[in-house]
1. Any residue at all in the range 224-238 that is within 30 Å of Gly28 (Cα to Cα) and not assigned by TED's automatic domain parsing to the domain that holds Lys25?
2. Test of understanding: among Leu38, Leu51, which residue is in contact with a Ser or Thr (Cβ under 8 Å, 6 or more places away or on another chain) and on the phi < 0 side of the Ramachandran plot?
3. Within the range 74-96, is even one residue near ligand 1 (Cβ under 10 Å from one of its atoms) and out of contact with any helix residue (DSSP H, G or I) (no Cβ under 8 Å at 6 or more places or on another chain)?
4. Six or more apart or on different chains, Cβ under 8 Å: which pairs go from a residue in the range 67-94 that's under 24 Å from Gln206 (Cα atoms) to one that's part of a helix (DSSP H, G or I) and of a type in the set (Ser, Thr, Tyr)? Could you list them?
5. For the range 88-107, what are the residues that are surrounded by fewer than 15 Cβ atoms within 10 Å (Cβ to Cβ), in contact with a Lys or Arg (Cβ under 9 Å, 6 or more places away or on another chain) and outside any strand (DSSP E or B)?
6. Only one of these conditions is not met by Ile29: (1) farther than 23 Å from Glu186 by Cβ; (2) more than 14 Å from ligand 1 (Cβ to nearest atom). Which number is it?
7. Which of (1) within 16 Å of ligand 2 (Cβ to nearest atom); (2) touching a residue at least 12 places away in the same chain (Cβ under 8 Å) does Asp18 not meet, given it meets every other one?
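The values are calculated or read from the model by the stated rules, or taken from the named source; none is laboratory data. No experiment lies behind these values; they were computed from the predicted model shown. Note that each Cβ is placed from the backbone with ideal geometry, even for glycine, and that neighbours are counted across all protein chains shown.
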Amino acid sequence: MSIDRLQMAIQKSGRLSDQSRGLLKSAGIKIQANKGQLTARATNFPLDLMLVRDDDIPTFVADGVCELGIVGENVLGEYALGRPEAGIEILARLGFGRCSLKIAAPQEEEFDLSNLEGSRIATSYPLLTKKWLADQGISAEIVTMRGAVELAPRLGIASYICDLVSTGQTLEANGLKPVQTVLESEAVLVRTGREIVPDHAAALDQLKTRIDGVIQTSESKYIVLNAPESALDDIGRILPGADAPTVIPLAGRQGHFAVQAVCQESVFWETLEELKGAGARDILVMPIEKMML
Ligand code: ATP
Ligand code: ZN
């Protein structure tokens, strides 16, 4: 670790680590291979990584040990409720590590929100759960568990659980079903609320611009199509998230044009079918490698 380089905390190994590294790679940052170490160094950018447990990332960022971090909103949210003065700021939502924090009930139960009143709920997210219950006007007892929360109902520790769900398979395997959503979560890029020294701030801005570009390009597509003049207005309306497409006359085909546009939202097959329906032909959808807005 070196004080003249920006410090970023990412998960060492787990569900967020590959994509956190992948994001940095897409932002053009080369990370020196490391085996089992707590830190890693970027070779072409003034950045050091701290490789830690995801639960420790908010602490590192709050205390300013790391100016940046990549962490799930679930972990960040739980931390922030316990330390609201920490002032960690979300810089970008990263579109991976998606999961939801959900209340789950036994599969056979005919669930109603009022069932939660006076019940015991097991969770690893006591503060998020408590806040959600308060927002619903429900009072219930919270049993905090570090892991294996889904076993609690079977063990008779609690009637309900509040746990992370992505596919719901784990719940099902334990005879549970999701009944309420407490939080929708994804990985976020966060920065410390502490002051950042000017040298690091410049590197931070540069990194943020690149990461924004990576996020933009991952969703954006470049679309090229041909269309008669009469279809141009309709096509302009259908193209998702494109402002001002380029329209060029086709040589030798009176009244026909080539349309080119950067679409900043996902382009689905349905979109292509709609474009075709409006009169577009020869539609090409291409990935965009880099973008700086
Ligand atoms: P660590 O050893 O770093 O503490 P962990 O076991 O707590 O790891 P992981 O299971 O790797 O954590 O999950 C890290 C993050 O990935 C979660 O906090 C959450 O934001 C996200 N995530 C995405 N999908 C899921 C899921 N199905 N279950 C749990 N977490 C998920
Ligand atoms: Zn963890």
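1. Yes, the range 224-238 has at least one match.
2. The unique qualifying residue is Leu51.
3. no
4. Ile70/Ser20; Ile88/Tyr79
5. Gln107
6. (1)
7. Condition not satisfied by Asp18: (2).
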